[in-house]
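Taking it in order: structure first as structure tokens, then the write-up.
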Amino acid sequence: MSELFSQFINLLGAVLLLLAFAMISQRRILSLIHLFTLQGATLVLATSVVGYVTQQPHLYVSAALTFVLKVVVIPVMLHRVIDRLDVRWDVETLINIPTTMLIGILLVIFAFNMATPIAQLSSSIARGSLGIALACVLLSFLMMITRAKAVPQVIGFLSMENGLFFAATSATYGMPMVVELGIALDVLIGVLILGVFMFQIREQFDSLDIRHLERLKED
């Protein structure tokens, strides 16, 4: 039975990885928000399954926090931000999409090679998920550095945190509740600060292209 649950958790990890790939290839910001919401829902399911298998009630609390923040609150906030800023597309990527996808594949290979020796030392039910989690983190970081607009970079940052949370849940059966509450609060505050940051960029430059910030440095 534990082997079956292990395979199911790895399957959910594969879904997270596919969603990460879909995000780096997506230029429509509304679709990015939808993909991020699906990532959050997948993470909730994975956390609940690990909590059921390991009989650790605090993971159910983690799943509930993730659902509230990643599936409800933050997507609603992002929808309101793009409605107020009237942004729908991120056409100007710093690297074209095919090249980005190729780099993403190389990052996934690198992540699995790096995680394999560590996973062999783990006794958790989903040792293979560590490589998936690391790959999701690297793909999210790739999205952050290849996007010119502020909103996709914020979504990339949030997606990176999803990968880290999945690694903590599947590999170590979660973090202490105090740490998880602190991280949840930090993520929410971070989104609020980044939202203010985006409005300031739009007000000053009438655009969300972060390359305009170079003017401030030159001045």
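The values are calculated or read from the model by the stated rules, or taken from the named source; none is laboratory data. Predicted model only: the values in this text are computed from it and were never measured. For neighbour counting, all protein chains shown are included, and Cβ atoms are generated from backbone atoms with ideal geometry for every residue, glycine included. What goes into the accessible areas is simple: the full protein's heavy atoms, side chains included, and nothing from ligands, DNA or RNA. Shrake-Rupley method; radii C 1.70, N 1.55, O 1.52, S 1.80 Å.
At a glance:
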item: Matching residues, region 33-42, being open to solvent by 40 Å² or more (accessible area, probe 1.4 Å) and of a type in the set (A, V, I, L, M, F, W, C); result: 38, 41
item: Residue 107 open to solvent by less than 40 Å² (accessible area, probe 1.4 Å) and farther than 16 Å from residue 149 by Cα; result: no
item: Total residues in region 10-60, condition outside any helix (DSSP H, G or I) and touching a helix residue (DSSP H, G or I) at 6+ places or on another chain (Cβ under 6 Å); result: 2
item: Single residue of 142, 130, 158, 181 found to be open to solvent by 30 Å² or more (accessible area, probe 1.4 Å), among the aliphatic types (A, V, I, L, M), assigned to a helix (DSSP H, G or I) and modelled with pLDDT of 80 or more; result: 130
item: Any hit, region 75-90, residues being open to solvent by less than 30 Å² (accessible area, probe 1.4 Å) and free of Cβ contacts under 8 Å to residues at least 24 places away in the same chain; result: no
item: Set 30, 17, 45, 12: member being open to solvent by 50 Å² or more (accessible area, probe 1.4 Å), at pLDDT 85 or above and not aromatic (Phe, Trp, Tyr); result: 45
